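All remarks here apply to the structure that follows.
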Amino acid sequence: MSVKQFISENQQRFIEELFELLRIPSVSADPKFKDDVFKAAEFVKESLEKAGADQVEVCQTAGYPIVYGEKIIDPSLPTVLVYGHYDVQPADPYELWDSPPFEPVIKKTPRHPEGAIFARGSADDKGQFYMHVKAFEAMMANEALPCNVKFMIEGEEEVGSEHLDIFVKENKEKLKADVVLVSDTHMISLENPSVTVGLRGLAYMQVEVIGPNRDLHSGTYGGAVGNPINILCKMIASLQDENNHITIPGFYDKVEEYSQEYRDNLNKAPFDLEAYKKELDIEDVHGEAGFSTIERVGIRPTLDVNGIWGGYTGEGAKTVLPSKAYAKISMRLVPNQDHKEIAKLFEEHFKSIAPKSVKVKVTPHHGGAAAVVSTETPGYRAADLAIQEAFGKKAIPTREGGSIPICALFQKELGLDPILLGFGLDTDALHSPNEHYGVKNYLMGIETIASFFKHFKEEASK
Ligand code: BES
Ligand code: ZN
């Protein structure tokens, strides 16, 4: 039987197995789900074993484990290292989901007329890394595995991959490979398949503005004592100017400026601004002056408030001048911007703009570097050929705005450019309520991955 035929004949089972994994609420950010995160790691271990991997182990770390497995058919053949993550983002707010986040169901959407799997983690990243397990199973079952393969599936990606760093540094020999293959990104569409060649980095901060030593009556004190929420809002507003440039001194110092030719090329990718606005129900887009939407997301850094709180937010009205105000602020970074340096610049600046009437505390959370990968490698060529075989079209190289900080780690520690062969769509609602992943994307992804292995063997030995 051909690998393609095997995938087609087993598609129902492949979907049901993914459903089982999606039922485990492996939310890494919330300690409440600790047991479930470990349970998901066990599930990954068992699925790798069943698919035919050797040396499968749940490698404990100081945080959540990394599941490793391999199949070495011949040490002289090229080796593909597959990376993915079994942890998911929190599902809150639950009330905005049309069906429960950990009870997967298939529903049709305008972009997935053949149905999509709705569940937290369906696209990010359970549905995507599981394609690799199934592609591997299909190749094994048909004695058609062309290369060696190693799997490294972690459980802390959504909280900054804190312990992966040490694991990679301590296990360089074990992880030795010729390419890293990652499916944790988007493609433009099934009609316009693409391969991601750039991701942004991230610096994530929490700020606290501290005013009077207690909440005050806003009549007795209002107008005379600094209100931390008013002040925090003013401070945040001043972080961007009228052109939506970030005002933190030194922020742009290392930002790479691209040639007009590079930008023109980037803007050639199919993109329908009207459909984009319509899908988000917005009248207009918003961003840095002088750049297109594709550029704003792909090659420019940003600053966004992720959450802001303080004071009274309950029912009705309470007249209060709060003692404290908080915000979580993230900056998406581009190549050459160092997240630790940016965090420091942010902290210095944020403290410097605070009026004397308040104190300011700044705490950095996780961060990570941006990554850009070459299109001139055997890995990229194999991805392009696999896309051509499955979709009948050449892959469009795109730069995406999300972050997978460990990509830069692979480049630095293993000397390998990750191949970002993702099959999600930008409308799949990652990190949002009603996250979903197209059934067709899932099945075509499995097929394309198997084809990647075949082409990689050829390309790597050229
Ligand atoms: N799968 C995403 C990254 C992604 C999303 C890439 C969309 C391309 C397009 C990944 O799981 C993720 O969400 N990463 C976090 C970073 C992490 C340090 C919390 C992100 O981008 O917010
Ligand atoms: Zn992800």
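If Ser330 satisfies all but one of (1) of a type in the set (Gly, Ala, Ser); (2) in a loop (DSSP other than H, G, I, E, B); (3) surrounded by 16 or more Cβ atoms within 10 Å (Cβ to Cβ), what's the number of the condition it fails?
(2)
Tell me which residues, restricted to the range 113-123, are under 22 Å from the mean Cα position of the chain (by Cα) and open to solvent by 10 Å² or more (accessible area, probe 1.4 Å).
Matches in the range 113-123: Phe118 only.
Which one of these is within 16 Å of ligand 1 (Cβ to nearest atom), of a type in the set (S, T, N, Q) and either touching an Asp or Glu at 6+ places or on another chain (Cβ under 7 Å) or closer than 22 Å to Phe33 by Cβ (or both): Ser122, Ser99?
None of the other options fit; the residue is Ser122.
Need a quick list: strands (runs of 3 or more DSSP E) entirely within the range 343-462 having at least 2 residues that are farther than 26 Å from Leu145 by Cβ, within 16 Å of ligand 1 (Cβ to nearest atom) and β-branched (Val, Ile, Thr).
In the range 343-462, the matching strands (runs of 3 or more DSSP E) lie at 396-399.
Could you pull out the residue among Ile406, Ile396 that is within 16 Å of ligand 2 (Cβ to nearest atom) and β-branched (Val, Ile, Thr)?
That would be Ile406, the only listed residue that is within 16 Å of ligand 2 (Cβ to nearest atom) and β-branched (Val, Ile, Thr).
Do any residues in the range 362-382 that are closer than 23 Å to Pro78 by Cα have Cβ atoms under 8 Å from those of residues that are part of a helix (DSSP H, G or I) and among the hydroxyl-bearing types (Ser, Thr, Tyr), where the two are at least six apart or on different chains, and which pairs are they?
Here the result reads Val373/Tyr380; Ser374/Tyr380, each pair linking the range 362-382 to a residue that is part of a helix (DSSP H, G or I) and among the hydroxyl-bearing types (Ser, Thr, Tyr).
Does the range 96-103 include one or more residues that are of a type in the set (A, V, I, L, M) and open to solvent by 30 Å² or more (accessible area, probe 1.4 Å)?
Checking the range 96-103: at least one residue is of a type in the set (A, V, I, L, M) and open to solvent by 30 Å² or more (accessible area, probe 1.4 Å).
I need every pair where a residue in the range 391-413 that is free of Cβ contacts under 8 Å to residues at least 40 places away in the same chain has its Cβ under 9 Å from the Cβ of a residue that is open to solvent by 30 Å² or more (accessible area, probe 1.4 Å) and within 16 Å of ligand 1 (Cβ to nearest atom), sequence separation at least 6 or different chains.
Lys412/Ala369
State yes or no: is Val44 assigned to a strand (DSSP E or B), at pLDDT 95 or above and among the aliphatic types (A, V, I, L, M)?
Considered against the rule, which asks whether it is assigned to a strand (DSSP E or B), at pLDDT 95 or above and among the aliphatic types (A, V, I, L, M), Val44 comes out as no.
Can you pull out the residues in the range 87-126 that are part of a loop (DSSP other than H, G, I, E, B) and in contact with a Gly (Cβ under 6 Å, 6 or more places away or on another chain)?
Asp87, Ala123, Asp125
In the range 137-149, is there at least one residue being within 16 Å of ligand 2 (Cβ to nearest atom), open to solvent by 10 Å² or more (accessible area, probe 1.4 Å) and out of contact with any strand residue (DSSP E or B) (no Cβ under 6 Å at 6 or more places or on another chain)?
Checked against the condition, which is being within 16 Å of ligand 2 (Cβ to nearest atom), open to solvent by 10 Å² or more (accessible area, probe 1.4 Å) and out of contact with any strand residue (DSSP E or B) (no Cβ under 6 Å at 6 or more places or on another chain), the range 137-149 yields no hits at all.
Being open to solvent by 10 Å² or more (accessible area, probe 1.4 Å) and within 16 Å of ligand 2 (Cβ to nearest atom): is that true of Glu162 here?
Taking the combined requirement at face value, the residue satisfies it.
Which one of these does Phe129 not meet: (1) touching a Gly at 6+ places or on another chain (Cβ under 9 Å); (2) surrounded by fewer than 21 Cβ atoms within 10 Å (Cβ to Cβ)?
Against the list (1) touching a Gly at 6+ places or on another chain (Cβ under 9 Å); (2) surrounded by fewer than 21 Cβ atoms within 10 Å (Cβ to Cβ), Phe129 comes up short only on (2).
Given the conditions (1) under 16 Å from Ser183 (Cβ atoms); (2) within 20 Å of the chain's Cα centre (by Cα), which single one is not true for Ala395?
So Ala395 meets the others, but not (2).
Which of the residues spanning the range 73-86 are open to solvent by less than 10 Å² (accessible area, probe 1.4 Å) and in a loop (DSSP other than H, G, I, E, B)?
Tyr86
Which one is farthest from Ile106 (Cα to Cα), of the residues in the range 17-38 that are of a type in the set (Gly, Ala, Ser) and surrounded by 17 or more Cβ atoms within 10 Å (Cβ to Cβ)?
The residue in question is Ser28.
Within 16 Å of ligand 1 (Cβ to nearest atom), open to solvent by 10 Å² or more (accessible area, probe 1.4 Å) and over 30 Å from Val180 (Cα atoms): does that describe Asp92?
yes
The values are calculated or read from the model by the stated rules, or taken from the named source; none is laboratory data. None of these values were measured; they are calculated from a predicted model. Backbone-built Cβ (ideal geometry, glycine too); neighbour counts: all protein chains shown. Ligands, DNA and RNA are excluded from the accessible area calculation, which covers all protein heavy atoms including side chains. Shrake-Rupley method; radii C 1.70, N 1.55, O 1.52, S 1.80 Å.
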